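Report on the following structure.
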Amino acid sequence: MQNLQDMLSSRTTLAIKRMGKEIIDDDDEKLKDLRNEYGEAVYEAVTNALLELKEYNPSGRYVVPKVWNLKERRKATLKEIIQYIMKQLKTHKRKRT
């Protein structure tokens, strides 16, 4: 698992080709090793993570927290976030009184 973290945090590890939009270089040796050692599911998870890191952090590969709608497997909308916070506040008020 540490190897995966090292791969994601390294700035020079994986080549990303530019062809109108960002795509992962499938010929990269580290990606080939990752696919062979861990399988297709892990390879896809890592490449998706790399593309998302590049999309949200073009200046560097550091993690940015995002609120996630786990039921629908997507980023939560601002409306969903506010609804969740309001629900939590109402629940907290009931416990205090």
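Overview of results
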{"read-out": "Answer residue from segment 29-48, given it is open to solvent by less than 30 Å² (accessible area, probe 1.4 Å) and touching a residue at least 24 places away in the same chain (Cβ under 8 Å) and is nearest to residue 65 (Cα to Cα) among those", "value": "46"}
{"read-out": "Filtered residue count, segment 56-97, keeping only those that are charged (D, E, K, R) and at pLDDT below 70", "value": "4"}
{"read-out": "Any hit, segment 21-28, residues being open to solvent by 60 Å² or more (accessible area, probe 1.4 Å), more than 10 Å from the chain's Cα centre (by Cα), of a type outside the set (S, T, N, Q) and modelled with pLDDT of 80 or more", "value": "no"}
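The values are calculated or read from the model by the stated rules, or taken from the named source; none is laboratory data. Since we're looking at a predicted model, the values are computed, not measured. Cβ sites come from the backbone with ideal geometry, for glycine too, and all protein chains shown count toward neighbours. Surface areas here come from the heavy atoms of the whole protein model, side chains and all, with no ligands, DNA or RNA. Shrake-Rupley method; radii C 1.70, N 1.55, O 1.52, S 1.80 Å.
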